[in-house]
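Bear in mind these aren't lab numbers, they're just calculated from the coordinates by the rules spelled out. Owing to the predicted nature of the structure, the values given are computational and were not obtained by experimental measurement. Here the Cβ positions follow ideal geometry from the backbone for every residue, glycine too, while neighbour counts run over all protein chains shown.
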Amino acid sequence: MRSEIPQLAIVVPCYNEELCVKTTVEKLFEVINSLVSKNKILDNSYIYLVDDGSKDKTWNIIQNLHNSNPNVKGTKFIRNYGNQKALMAGLESVREIGCDCVVTIDADLQQDEWAIEKFIDKYMEEYDVVLGIRNNRKTDSFFKRTSAEMFYKTMNLLGVHIPMNHSDYRLISRRTLEVMKLYPEKLFFLRGFFYEVGLPTTTVNFDVKERMAGASKFSFASLMGLALNGITSYSIMPLRCVAVGGFFMALFGFLVGLETVFEKFFLHNSPNGWTTTIVLMCMFGGIQLFCLGIIGEYIGQLYREVKSRPRYIKDIELK
Ligand code: UDP
Ligand code: MG
């Protein structure tokens, strides 16, 4: 059991969340105040909002909240970098500012904020990573539900065992934040990282609510990007499959070749194989392009890492 009462930081990524952010901060302070009164966290616990280049009034609201309460801190990106980068920035910033543990939660409070108490209880039991697992996906569209399910199943098949139905709602300890520092990669796939790093990990179940206001900030393309990054960051299984598949295909080609030569020279009935030729050409052409595509994804990953551009650029910071 940990004995010292922790200072908690709550990181909230916000992209065009002018309709949510104020209420969210108020609700999160209700949780913080209740935990402070139960002596579960210190009263210097704070909220850190990352404005991911919003085009609406989100940043003005954050500034006002900071002016009336210094325990609301935050930063603004110069442009929209996406939710993963916003989360990373939040985690890196609270590591600099200081805290004993940090919870990340969405700005629309779809995740039940009162589960934070359970997160803290698990933290006190000396867990370094506490993953929030949603009880159901009732609030998601059929499409999102099935694509998410497919993603988790594919990841598991590829050897990355991220728990099903875990979104980016989790608590991590200071120690985990320090370990993250050792990972220099720019395209950080947080869900894969917490599985890979192997610190004491547990889960907490929570209920999902409807989005408080506004619409989902994720497009199909950004979800696809996240999924592909997840795969190429944490598994080289697709590359291995390409190699193994290529080997068997070459073997097959060799055997078919042998058979054709045998027929030509010994049986003298070289078949009229037009259909076979076309079918094989299309099939192998398709397979080759698909494999090239897989390899291309990894080269793209390498390309972006090698250029080593900054993960994000902060415009303003309120500490
Ligand atoms: N978000 C972000 N940058 C983006 C897209 C989303 O910071 O480019 C934030 C958004 O403000 C919210 C969280 O990521 O706090 C989750 O987004 P959303 O609720 O729209 O996703 P959904 O719940 O539909 O998966
Ligand atoms: Mg949401």
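Where both partners of a DSSP beta bridge lie in segment 108-249, what percent of those bridges are antiparallel, to the nearest 5?
Details: 5 of 11 bridges.
Within segment 108-249, antiparallel bridges account for around 45 percent of the total.
Which entries of K55/K144; K22/K138; K57/K144; K76/K217; K85/K314 have Cα-Cα distances beyond 20 Å here?
Values: K55/K144 26 Å; K22/K138 26 Å; K57/K144 28 Å; K76/K217 17 Å; K85/K314 11 Å.
Those over the limit are K55/K144; K22/K138; K57/K144.
May I ask you to order 219-226, 198-205, 75-82, 125-132 by the average number of other C-beta atoms within 10 Å around their residues, highest value first? List each step's numbers first, then the result.
On the way: 219-226: 12.5, 198-205: 14.8, 75-82: 18.1, 125-132: 21.0.
Packing order, densest peptide first, comes out as 125-132, 75-82, 198-205, 219-226.
Taking the number of other C-beta atoms within 10 Å as the exposure measure, put F218, F247, F189 in order starting with the fewest.
Values: F218 14, F247 10, F189 23.
The order, fewest Cβ neighbours first, is F247, F218, F189.
So for segment 122-277, taking the charge dipole from beta-carbon charges (+1 Lys/Arg, -1 Asp/Glu), which of G159, S141, T276 sits furthest toward the positive end?
S141
Taking the Cα centre of the chain as origin, sum charge times position over the Cβ atoms of Lys and Arg (+1) and Asp and Glu (-1), and report the length of that vector in debye to the nearest 20.
Dipole about the Cα centre, nearest 20: 440 debye.
Please state the charge dipole magnitude for segment 189-311, taken about the Cα centre, from unit charges on C-beta atoms (+1 on K and R, -1 on D and E), reported in debye and rounded to the nearest 20.
Numbers: 10 positive and 7 negative charges, 122 e Å.
Roughly 580 debye for segment 189-311.
Run through the DSSP bridge list for the chain and note the antiparallel percent, rounded to the nearest 5. Intermediate values should be presented prior to the final figure.
On the way: 13 of 34 bridges.
Given both bridge residues lie in the chain, the antiparallel proportion sits at roughly 40 percent.
Please list, in order along segment 293-300, the HN-Hα scalar couplings obtained from phi with the Karplus expression 6.51 cos²θ - 1.76 cosθ + 1.60 (θ = phi - 60°), rounded to whole Hz, x for Gly and Pro.
x, 4, 4, x, 4, 5, 5, x
What is the magnitude of the charge dipole of segment 34-140 about its Cα centre, with +1 placed on the Cβ of each Lys and Arg, -1 on the Cβ of each Asp and Glu, and no other charges, expressed in debye to the nearest 20? Spell out each step's value before the answer.
Values: 14 positive and 17 negative charges, 73 e Å.
So the magnitude is around 360 debye.
In angstroms, what radius of gyration and Dmax does the chain have, counting Cα atoms only?
Expressed in Å, the Cα Rg and Dmax of the chain come to 25.0, 93.
What are the residues whose amide H is under 5 Å from the amide H of I133, where those residues sit 5 or more places off or on another chain and H is modelled from the backbone?
V204, N205, F206
When we measure straight from the Cα of K40, which lysines land under 20 angstrom away, once same-chain ones fewer than 8 places off are left out?
K27, K118, K122
What are the ³J(HN,Hα) couplings of segment 251-264, residue after residue, when phi is run through the Karplus curve with 6.51, -1.76, 1.60 and θ = phi - 60°? Round to Hz, x for glycine and proline.
Result, ordered by residue: 4, 4, x, 4, 5, 4, x, 4, 4, 5, 4, 4, 4, 5 Hz.
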